[in-house]
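Have a look at the structure below before the remarks.
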Amino acid sequence: MYNAALLTGLDIIERRNHSLPVKYLPKGLDATFASGAINFRFKNNTGKSLLIHAEVKNHQLMVKFFGTFPENVSYALESRTIETLSVPVKYVSSTVLPDGAQQVLQDGQPGYIVETVRTKRLDGKVVESKTITRDTYKAQNRLIARSGHSSLPDPQGPSMVEDGISDTKQP
């Protein structure tokens, strides 16, 4: 729905990316919804009626907008990774490992800061290129169990929160 709205030039009123990248769309082109907390809304700025048709065919969701759109106007989307966020390491204490041993419990995943640009063409010529979002996909911890002390140092530096802003508060 989000991509269909972008590719027809509709105004996005409210949208948030998933906290982790999804496999079915490029980073920056996803939108999430959580009842009562996160919404996705767009505005029909055409001045005419808009029909939305959605269907699942061969395990693929297809969303189409039907309405009055200028034939000589088209839109393209490009998402680019601005920064790859390193995998944070989190240590937990283990009483079952032999002294001095450690074990990886979970591999981490990098995070990303992504910008998405929408380009508008009129009669095939670029008339506007605009950054529409800057999204953060949070890095996932690499979790390592260590034998020994109950409170182990966590070498993780400041973590990234929404939109590439560092969390400078440390415990």
The simple spin-label model distance between I13 and T95, using points 7 Å out along Cα→Cβ, in nm, is 5.5 nm
For every helix of n ≥ 4 consecutive DSSP H residues, a contribution of -39,500 (n - 2.57) applies; sum these over the chain, divide by its total residues, and give [θ] at 222 nm rounded to the nearest 500 deg cm²/dmol. -1000 deg cm²/dmol
For the chain, build the charge dipole from Cβ charges (+1 Lys, Arg; -1 Asp, Glu) around the Cα centre, then report which of S19, G100, S86 sits farthest towards its positive end. S19
Global geometry of segment 81-143, whether rounded, prolate or oblate, following the gyration tensor of its Cα atoms and the 1.5 cut on a/c: prolate
Once you sort the root eigenvalues of the Cα gyration tensor of segment 1-88 as a ≥ b ≥ c, which label holds: rounded (a/c under 1.5), prolate (a/b larger than b/c) or oblate (the other case)? prolate
Sum up the lysine pairs in segment 52-158 that clear both bars: alpha-carbon distance under 25 Å and a spacing of 8 or more or different chains. 6
Of the listed values [x] 1.40; [y] 1.93; [z] 1.01, grab the one calculated as Cα Rg over 2.2 N^0.38 Å from the structure here. [x]
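By how many nm would the segment from Q106 to T32 grow when fully extended, if each residue of separation counts as 0.36 nm and the alpha-carbon distance is taken off? Mind dumping the intermediate values first?
Working: separation 74, 0.36 × 74 = 26.64 nm, distance 2.54 nm.
Additional length available on full extension: 24.1 nm.
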Computed FRET value (nearest 0.05) for V56 with D123, which takes r as the C-beta separation and R₀ as 35 Å: 0.50
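Every read-out reported here was derived from the displayed coordinates using simple, explicitly stated rules and does not represent laboratory data. Since the structure is predicted, the reported quantities are computational estimates derived from the model, not experimental observations. Counting neighbours? That spans all protein chains shown, and the Cβs are built from the backbone with ideal geometry, glycine included.
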